[in-house]
Amino acid sequence: MIYDDQLDQSLNKLHQEGRYRTFIDIERTNGSFPHAVWKKTDGQEKPVTVWCGNDYLGMGQNPVVLDAMHTALDATGAGSGGTRNISGTTVYHKQLEAEIADLHGKETALVFTSAYIANDATLSTLPKLLPDLIIYSDELNHASMIEGMRRNGGAKRIFKHNDVAHLRSLLQADDPTIPKVIAFESIYSMDGDFGPIKEICDLAEEFGALTYLDEVHAVGMYGPRGAGIAERDNLMHRVDIINGTLAKAFGTMGGYIASSEKMCDAVRSYAPGFIFTTSLAPVIAAGASASIAYLKANQTLRKEHIIKANILKLRLKGLGLPIIDHKSHIVPVIVGNPTHTKILSDKLLYDFGIYVQPINFPTVPRGTERLRFTPSPMHSSADIEKLTIAMDSLWSHCALNRAEMAG
């Protein structure tokens, strides 16, 4: 068997469909966020403005976070030295879990190396803890949630996106004595729409189900202390398990769940994705703790962020571009063709120094390919103006190409 030929076929398929993903090598410049340097393959460098990053509030370069990390680095060195069970639990990990538990108003928290692993490990482990468990999952849940549910070997029910009536019908059809978990998100990252947290909690109480809420794109961003949409809507106490990330608004790395002492203890004790993984480096845990504590006490970045997002949406709407606006901080512009999305992305980068990656299938459905802009408080009025001018100039080019292909 010629393995390279088969690999070529798989890769060529992506190229032919315009879905092949390329990496852009950038160097973040401390103190200049969201501006960075593009390290081109020919050895040259070009300044760029990052418009697709997940460091939503620029906390990855906040002096408070960096100071905490420098202190931890000097005190402990680079890595954690092991798994959480074997020499990899430090005072920094315990402090971080205490900060997270306090943030979400839960008894405790459990830190993982990423929110993907936290979702995957927890959702794949729950059926081991709750025999005969049925998980009810929103059809647009993140890939990490889907993967965890796929691997868990338990029963699954998929309800239409944000369709509470459909969820009710699925719950009604199942044995009321069987344990149940409803898994959903607070903000769905590709469209920026909100999950109906209150309505789902109402159903959970009615049918005796646990609730599992992914707040990855909301933590740090919403609520009086940055705990997410459930905090903003005064619903945290009604959610049983909250999943969050340290790698977006908190600007570092890692993920977590926050829940009851018993739930976290059970997941800690049974989830392979937790047991057999080297723990976060203490320096990262220290930075994440400092970031959470800072954002609990400071509303300024959150307020400024919403202002910048609203300005960008208003400017793009003024151009007549097909943006999706669900009143969140995420700004998707639908292109609807993978080739044209890549053309727009490339031209923004090469011609204007604007870096935004194309979003294609399978991340989004075919025909909904898009550019997803993520404004930050640090994007200036000049940055927004430059992006607006660039999109106005390039959108007509994209439209002409679509007409040519249709002809």
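If you run the Gaussian network model on the chain, springs between alpha carbon atoms under 10 Å, then out of G251, G226, G318 the most flexible one is G318.
Please give the per residue accessible area of the chain, computed with a probe of 1.4 Å over protein heavy atoms only, in Å². Per-residue value: 44 Å².
Applying both filters, DSSP loop and at most 11 other Cβ atoms within 10 Å, to the chymotrypsin sites (Phe, Trp or Tyr not before Pro) of the range 1-76 gives F23. Positive end of the dipole of the range 186-329 (Cβ unit charges, origin at the Cα centre): among L235, G273, T245, the Cα lying farthest that way belongs to T245.
What residues of the range 68-100 lie in the reach of a label at E261, counting those whose backbone N is under 13 Å from a point 7 Å from the Cα along Cα→Cβ? Under 13 Å, as judged by backbone N against the label point of E261, lies no residue of the range 68-100.
Inter-label distance, T363 to K46: 2.0 nm, where each label sits 7 Å from its Cα along the C-beta direction. Along the chain, counting only trypsin sites (Lys or Arg not before Pro) with a DSSP assignment other than H, G, I, E or B and at most 15 other Cβ atoms inside a 10 Å radius, the longest segment between sites is 161-326.
Under the convention that each Lys and Arg Cβ holds +1 and each Asp and Glu Cβ holds -1, the size of the dipole of the range 169-269 around its Cα centre is about 440 debye.
Projecting the Cα atoms of F361, N310, I343 onto the charge dipole of the range 281-371, computed from C-beta unit charges around the Cα centre, puts N310 farthest toward the positive end. Based on the Cβ-Cβ distance from Q9 to D132, what FRET efficiency comes out when R0 is 41 Å, to the nearest 0.05? The pair Q9/D132 has a calculated efficiency of 0.45. For the range 127-208, which GluC sites (Glu not before Pro) are both in a DSSP coil and crowded by at most 15 other Cβ atoms within 10 Å? Hits after loop and neighbour filter: E139.
Net charge in the neighbourhood of L103 (other residues with Cβ under 12 Å of its Cβ; Lys, Arg +1, Asp, Glu -1) is -2. The slack in the chain from A173 to H161, taken as 0.36 nm per residue of separation less the alpha-carbon distance, amounts to 2.5 nm. What does the net charge come to around K156 if you take all other residues with beta carbon closer than 14 Å to its beta carbon, with K and R at +1 and D and E at -1? Taking every Cβ under 14 Å from that of K156, the sum is -1.
Here the range 90-142 is assigned +1 on the Cβ of each Lys and Arg and -1 on the Cβ of each Asp and Glu. Its dipole about the Cα centre then comes out at about 200 debye. Computed over the alpha-carbon atoms, the range 197-277 gives an Rg to Rh ratio of 1.00, Rh here being the Kirkwood radius from the mean inverse distance. A simple spin-label model places the labels of E304 and R150 4.1 nm from each other, with each point 7 Å out along Cα-to-Cβ.
For the range 294-343, take N as its residue count and report Rg(C-alpha) divided by 2.2 N^0.38 Å. Cα Rg divided by the expected 2.2 N^0.38 Å: 1.46. The dipole here belongs to the range 65-197: it is taken about the Cα centre, uses +1 on the Cβ of Lys and Arg and -1 on the Cβ of Asp and Glu, and is about 480 debye. Max-minus-min Cα coordinates of the chain on each principal axis give 59, 55, 55 Å, with the largest extent listed first. Here the chain has 55 percent of its accessible surface on carbon and sulfur atoms, given a 1.4 Å probe and all protein chains in place. Normalised by the number of residues in the range 130-263, the mean separation of alpha-carbon contacts (under 8 Å, six or more apart) gives a relative contact order of 18 percent.
The values are calculated or read from the model by the stated rules, or taken from the named source; none is laboratory data. Keep in mind it's a predicted model, so treat the numbers as computed, not measured. Neighbour counts are summed over all protein chains in view; Cβ atoms, including those assigned to glycine, are modelled from backbone coordinates with ideal geometry. Side chains are part of the model used for accessible areas, which takes the heavy atoms of the whole protein and leaves out ligands, DNA and RNA. Shrake-Rupley method; radii C 1.70, N 1.55, O 1.52, S 1.80 Å.
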